[in-house]
Amino acid sequence: GKPNVSIKKDAKKLNEPSKSRGDDADAGAAKATPKRKLKMDEVPMYKVILLGDEEYDENHVVTQVMKIVQLEKRDAQKCFMEAQQLGEGLVCVVTQEHAEFYVVQLKRQEIYARLEEDV
């Protein structure tokens, strides 16, 4: 048989609560805004650190860092030189998910990096 549903009844049910839901949503949104801000402040940030390697080709590393991490050429070159001279160079500080992504993408290009929590 056919389902016992009245479109008019269901439409009324949908319309009535949405008015009260709208008022609640506005009040809730105002209260929730500071919570979201605090939550963002608590998100741990991670450093992406380029590891120096004598076998790196500077042009390849600089190009890939620019492409993957979206750094300017000057910043990518600075990072490369730092890594070659000191053993490691700071690429960027981002959320954990982004840091992990960058490390994996760089490794695919045979460029070695690690991440560590930014304290």
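Values quoted throughout were computed directly from the atomic coordinates according to the rules given, and no laboratory measurement underlies them. Nothing here was measured: the structure is a model prediction, and the numbers come from that model. In this analysis, Cβ positions are derived from the backbone assuming ideal geometry, glycine residues included, and neighbour counts consider all displayed protein chains.
General remarks:
- Between residue 90 and residue 66, the contour length at 0.36 nm per residue exceeds the alpha carbon distance by 7.3 nm.
- Remark on residue 88: its backbone amide H falls under 5 Å from those of 52, a criterion applied only to residues 5 or more positions apart or on other chains, H modelled at 1.01 Å from N.
- Amide H contacts of residue 95 (H built 1.01 Å from N, under 5 Å, at least 5 apart or other chain): 46
- Couplings 3J(HN,Hα) for the range 75-87, derived from phi with the Karplus relation 6.51 cos²θ - 1.76 cosθ + 1.60 (θ = phi - 60°), are 5, 5, 5, 4, 4, 4, 5, 4, 5, 6, 7, 9, x Hz, where x marks Gly and Pro.
- Along the range 103-119 the Karplus relation, 6.51 cos²θ - 1.76 cosθ + 1.60 evaluated at θ = phi - 60°, assigns HN-Hα couplings of 4, 5, 5, 5, 4, 4, 9, 6, 10, 9, 9, 9, 10, 9, 5, 8, 9 Hz to successive residues, with x for each Gly and Pro.
- At an R0 of 22 angstrom, the distance between the Cβ atoms of residue 105 and residue 55 translates into a FRET efficiency of 0.70.
- Sparse-neighbourhood loop sites, GluC sites (Glu not before Pro) in the range 36-119 - DSSP loop, at most 15 other Cβ within 10 angstrom: 54, 55, 72, 110
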